[in-house]
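The values are calculated or read from the model by the stated rules, or taken from the named source; none is laboratory data. From a predicted model like this one, the values you see are computed outputs, not experimental measurements. Here the Cβ is made from the backbone with ideal geometry for all residues, glycine too, and neighbour counts use every protein chain on show. We work out accessible area using only protein heavy atoms, side chains counted, and drop any ligands, DNA or RNA first. Shrake-Rupley method; radii C 1.70, N 1.55, O 1.52, S 1.80 Å.
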Amino acid sequence: MPIDPECPQASTPLLDALQIAARTQNVPFYAPGHKRGQGIPDRLRDFLGSQLFQADLPELPELDNLFAPEGAIQQAQELAAEAFGADRTWFLVNGSTSGVIAAIVATCAPGDKIVMPRNVHQSAISGLILSGAVPVFLKPECDRALDIAHSITPTAVAEALTQHPDAKAVFLVYPTYYGVCGDLESIAAIVHQHTIPLLVDEAHGPHFAFHLDLPMPALAAGADLSVQSTHKVLSAMTQAAMLHTRGSLVDADLLSKALSLVQSTSPSYLLLAALDAARYQMATQGRELMQQTIRRADWARSQIAQIPGLSTLDPEQAGSPGFFSLDRTRLTVTVSNLGIDGFTADAILHQEFGVTCELPSLQHLTFIVSLGNTNGDIERLIQALRTLAERQRTRGGRGDAISNQEPGVRRQASDSIQNSKFKIQNSPSLPTPHSPLPTPHSPRDAFFSPTTSLPVAETVNRISAELVCPYPPGIPVVMPGEVITLEALTYLQQVLAIGGTISGCADPTLKTLKVVQN
């Protein structure tokens, strides 16, 4: 469909301003130090070219100011708010992490309670530490057969708010890393009965607003605030994200102040312009691009489902309060029936077939299908999985498919796992559904308490002073203020043994952990 040049969404005010500034010749006695590309190393120039650095500019008068926008940035953010269905939008150059932290800081003072699922991203825990808020953790609905945590349920939220009527906000993950969405409309209705805001980590859902066959966007479902990683599934550059609000339950001025605490005072205009361009692309071509993306993902899912030993998470599996709908562009493939874990399968696909997933886990591989993928990408993925499955059937399902690996590979399965039958242990179990999960210390108190480092075997039943999580997806298994359990440590050690990565703790080998003294 031709784009009406008179339509405001057909304009790119920030991108245009950056292009003009990059072409304007002046003598740069301002940062950055490479001076519009004149001082960049030869190797970097040879790799990236010089034009990119001519546009790597600071907050020149004609480029506006991110923290007090009046010109091009303000115009670009207003267009983004209209395109994504918000009353107001803020551009983020420190990723969704900064938006999640700011959302919690802006709504919760030290000691205030906030209701949230236990499977939040580690950025939410950072928000708790910085704000001093006290979490009321809820168990998400879980599929124990697949070992996948979904969303918290409306019933769980209602019971938590009845038990904690002084809570200042509810925080939700929508969708999860696996593309699963909970019943957000029902949760929003419950939350608003208490006249508090519903904050949503929608990092993986910025595309929802542009096609009716995708889950309902968080703002349309009733969220008061949504944080989206525009770079994850749309076309912005890495680290570029947006924060959107609707209604009056979140103080916009306080939110702006909170963002100034966690965002760089030297924002990259390359990232800001990329956000403007990504908004333009989706506002003018979004439905067509999402239609192609959904079609490709559906094709991949149907073909993978026919491969013996493999199965996928399907939209037809939705129907429970915690699994209300599924993002059809997200592919989660269960590989454990092949006799290997997801980390080993990921290493094989990456090294031998040049096919790289977004998230390997014990039983699964998760792939992001986005507007940037082609039919050829999907064909290559399907063929790689067919070959992997056939190889494993030939070898009798043994987990020894990796051999003669080159040094420095992306992930390495341990020798002890390669030559033995893989046995899955599910991730740590949580208390009974709908019961708030106890946290003896607030994350902030634990973070700032005197600590001691102990051998990991001696930390069971101690209070953790560290955040420990496999990454990605960055969902903590142990966090500051929680009691360390043997089950959690066993799970983390298994992730390490089969080639996963542990982040957040001082000792990534997990031989020691820091705990709160006394």
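Test each condition in (1) of a type outside the set (Val, Ile, Thr); (2) within 27 Å of His150 (Cβ to Cβ); (3) open to solvent by 30 Å² or more (accessible area, probe 1.4 Å) for Phe323 and report the one that comes out false.
Among (1) of a type outside the set (Val, Ile, Thr); (2) within 27 Å of His150 (Cβ to Cβ); (3) open to solvent by 30 Å² or more (accessible area, probe 1.4 Å), Phe323 violates only (3).
From the list Thr451, Thr490, which one is under 30 Å from Phe367 (Cα atoms) and either buried (at least 17 other Cβ atoms within 10 Å of the Cβ) or of a type in the set (Ser, Thr, Tyr) (or both)?
None of the other options fit; the residue is Thr490.
Name every residue in the range 262-306 that is open to solvent by less than 10 Å² (accessible area, probe 1.4 Å), of a type in the set (A, V, I, L, M) and within 30 Å of Leu130 (Cα to Cα), in order of residue number.
Within the range 262-306, Leu272, Ala273, Leu275 meet the criteria.
Could you say whether any residue in the range 361-369 is touching a Pro at 6+ places or on another chain (Cβ under 7 Å), open to solvent by 10 Å² or more (accessible area, probe 1.4 Å) and either of a type outside the set (Val, Ile, Thr) or outside any helix (DSSP H, G or I) (or both)?
Within the range 361-369 (the criterion being touching a Pro at 6+ places or on another chain (Cβ under 7 Å), open to solvent by 10 Å² or more (accessible area, probe 1.4 Å) and either of a type outside the set (Val, Ile, Thr) or outside any helix (DSSP H, G or I) (or both)), the answer is no, since none of the residues qualifies.
Yes/no matrix, rows are residues, columns are (1) over 25 Å from His150 (Cα atoms); (2) modelled with pLDDT of 95 or more; (3) among the acidic types (Asp, Glu):
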site	(1), (2), (3)
Leu272	yes, yes, no
Gln281	yes, yes, no
Gln292	yes, yes, no
Asp298	no, yes, yes
Ser302	no, yes, no
Thr329	no, yes, no
Val335	no, yes, no
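Asp253 passes all but one of (1) closer than 18 Å to Ser123 by Cα; (2) surrounded by fewer than 24 Cβ atoms within 10 Å (Cβ to Cβ); (3) among the charged types (D, E, K, R); which number fails?
In the conditions (1) closer than 18 Å to Ser123 by Cα; (2) surrounded by fewer than 24 Cβ atoms within 10 Å (Cβ to Cβ); (3) among the charged types (D, E, K, R), Asp253 misses (1) alone.
Considering only residues that are small (Gly, Ala, Ser) and in contact with a Phe, Trp or Tyr (Cβ under 8 Å, 6 or more places away or on another chain), which ones fall in the range 178-209?
Those that are small (Gly, Ala, Ser) and in contact with a Phe, Trp or Tyr (Cβ under 8 Å, 6 or more places away or on another chain): Gly182, Gly205, Ala209.
Name the residues in the range 237-250 that are part of a loop (DSSP other than H, G, I, E, B) and open to solvent by less than 10 Å² (accessible area, probe 1.4 Å), would you?
Ala240
Of all residues being of a type in the set (Phe, Trp, Tyr) and farther than 21 Å from Asp276 by Cβ in the range 11-64, which is surrounded by the fewest Cβ atoms within 10 Å (Cβ to Cβ)? Just the residue, please.
Among them, the one singled out is Phe29.
Of all residues in the range 21-45 being assigned to a loop (DSSP other than H, G, I, E, B) and of a type in the set (A, V, I, L, M, F, W, C), which is nearest to Ala72 (Cα to Cα)?
Ala31
Could you tell me how many of the residues in the range 146-177 are among the charged types (D, E, K, R) and either more than 22 Å from Ala103 (Cβ to Cβ) or open to solvent by less than 10 Å² (accessible area, probe 1.4 Å) (or both)?
Number of matching residues: 2.
So, Leu161, is that one aliphatic (A, V, I, L, M) and not in a helix (DSSP H, G or I) or not?
no
Residues to consider are Val191, Val180, Val173; find the one that is free of Cβ contacts under 8 Å to residues at least 60 places away in the same chain and under 19 Å from the mean Cα position of the chain (by Cα).
Val173
Between residues in the range 297-308 that are under 12 Å from Thr329 (Cβ atoms) and residues that are open to solvent by 20 Å² or more (accessible area, probe 1.4 Å) and basic (Lys, Arg), which pairs lie under 9 Å by C-beta distance while being six or more apart or on different chains?
Going by the 9 Å Cβ cut-off, the qualifying pairs are Ala297/Arg328; Asp298/Arg328; Arg301/Arg328.
Kindly indicate whether any position in the range 161-177 is at negative phi, touching a Phe, Trp or Tyr at 6+ places or on another chain (Cβ under 9 Å) and of a type in the set (A, V, I, L, M).
no
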